[in-house]
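To keep things clear, I will list the structure first and then write my remarks on it.
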Amino acid sequence: MTILTNIKRIKPWEIALTAVVMILPLVPVSPIKGDYSMVQRAHAAEVPKIDTSRLVSVGGDVTEIIYALGEEKRLIARDSTSNYPEAAAKLPDVGYMRALSPEGILAVNPTAIIAVEGAGPPEALAVLRNASLPFETVPQTYDRDGILKKIDVVGSLLGVPDKAKALEGKVAADLDAAIANSEKRPEAERKRVLFILSNQNGKILASGDNTAASGIIKLAGAINAVGSFSGYKPLTDEAIIEAKPDVILIMDREGPLSMKDEDLLKQPAISLTPAASHKAIVRMDGLHLLGFGPRTASAVRELNAAIYGG
């Protein structure tokens, strides 16, 4: 039986999301908890005070955090990857996070920009800085502590550290419960998951290690079937067959980048995998699955249930 996760369809910004997935920085992934209080104190002492009364947010995770902190009244615009919550999609769109238009941003008259790591291009950032517009970067990692650090950084930049601390506690507890549930599964029983970003002209572009897809697969108690390389790379037929995925994971979307189950299963190399034998294809909303923001615990639970049942 085909495994489907019926989450709402991604709208026309899906191409931008795909590009974001491919260019996000390659960073270490680990579910291990650390001493975060020291990081919080050090960061709070370092962040200069800026005017965030008219804010442009860049990055779906950053925008979600701002809403989760209850500070959405500051937002006057957002990038094309910021489509959650629904109210965010109604804000003016300044474009895709790696192809920001300085003119479009300056036109909304912001007092500051807060962006996830990887925004650009550099030329656009230079124009914005020359205009004396503060551009604050939020670090991106694909693990539990990385999510909490994002919340801390955003809260500090907005001048609401108490709200950030409360949100961190709530998110941390939810993440810890979801991760603990995933970790109960014995290593010998963990399934191999192949995340496919695209299948254009029969070429499978898949997620290696140090990616958002690899991070969420690990948190959900599964194994990245192609974790021997970093980043996103096209796979040869031999590599797909050798990967022996038990499950294929894809973003649920429409348009030119959509993938039908039957098309994937007909791909020669895919057809020879255990995933094809069991028609095990999992679809999830891209931002929910790969955002690494306040909703990641929910994504971990949904993916775990989709892979293993329950």
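Which ones in the stretch 249-275 are outside any loop (DSSP other than H, G, I, E, B) and within 15 Å of G202 (Cβ to Cβ)?
E262, D263, L264, L265, K266, I270, S271, L272
Out of all the residues in the stretch 49-61, is one or more in a helix (DSSP H, G or I), touching a residue at least 60 places away in the same chain (Cβ under 8 Å) and under 27 Å from K165 (Cβ atoms)?
Checked the stretch 49-61: at least one residue is in a helix (DSSP H, G or I), touching a residue at least 60 places away in the same chain (Cβ under 8 Å) and under 27 Å from K165 (Cβ atoms).
Hey, can you tell me all the residues within the stretch 282-310 that are open to solvent by 10 Å² or more (accessible area, probe 1.4 Å) and among the aromatic types (F, W, Y)?
Answer for the stretch 282-310, where residues must be open to solvent by 10 Å² or more (accessible area, probe 1.4 Å) and among the aromatic types (F, W, Y): just Y308.
Quick check, is A206 in a strand (DSSP E or B), at negative phi, of a type in the set (G, A, S) and crowded, with 19+ Cβ neighbours inside 10 Å?
yes
Name the residue that is surrounded by the most Cβ atoms within 10 Å (Cβ to Cβ), counting only residues in the stretch 251-275 that are in contact with a Lys or Arg (Cβ under 9 Å, 6 or more places away or on another chain) and closer than 22 Å to E189 by Cα.
My answer is A275.
Restricting attention to the stretch 72-93, which residues are in contact with a helix residue (DSSP H, G or I) (Cβ under 9 Å, 6 or more places away or on another chain), closer than 13 Å to S57 by Cα and at pLDDT 95 or above?
E72, R74, L75, A77, R78, D79, S82, Y84, A88, L91, P92, D93
Taking the stretch 185-203, which residues are under 24 Å from K279 (Cβ atoms), assigned to a loop (DSSP other than H, G, I, E, B) and not charged (D, E, K, R)?
Within the stretch 185-203, N201, G202 qualify.
I'm told K279 meets every condition in (1) touching a residue at least 40 places away in the same chain (Cβ under 8 Å); (2) in a helix (DSSP H, G or I); (3) open to solvent by 40 Å² or more (accessible area, probe 1.4 Å) except one. Can you identify the failing condition by its number?
Here K279 meets the rest and fails (2).
What single numbered condition from (1) surrounded by fewer than 20 Cβ atoms within 10 Å (Cβ to Cβ); (2) farther than 24 Å from Q140 by Cα; (3) of a type outside the set (S, T, Y) fails to hold for L235?
Of everything listed in (1) surrounded by fewer than 20 Cβ atoms within 10 Å (Cβ to Cβ); (2) farther than 24 Å from Q140 by Cα; (3) of a type outside the set (S, T, Y), L235 misses just condition (1).
Can you spot a residue in the stretch 25-36 that is outside any loop (DSSP other than H, G, I, E, B) and modelled with pLDDT under 95?
Yes, that holds for at least one residue.
The values are calculated or read from the model by the stated rules, or taken from the named source; none is laboratory data. Note that the structure is a prediction, hence the values are computed from the model and not measured. Because the Cβ atoms are built from the backbone with ideal geometry, glycine has one as well, and the counts that use them run over all protein chains shown. These area figures cover heavy atoms from the full protein model, side chains too; ligands, DNA and RNA do not enter into them. Shrake-Rupley method; radii C 1.70, N 1.55, O 1.52, S 1.80 Å.
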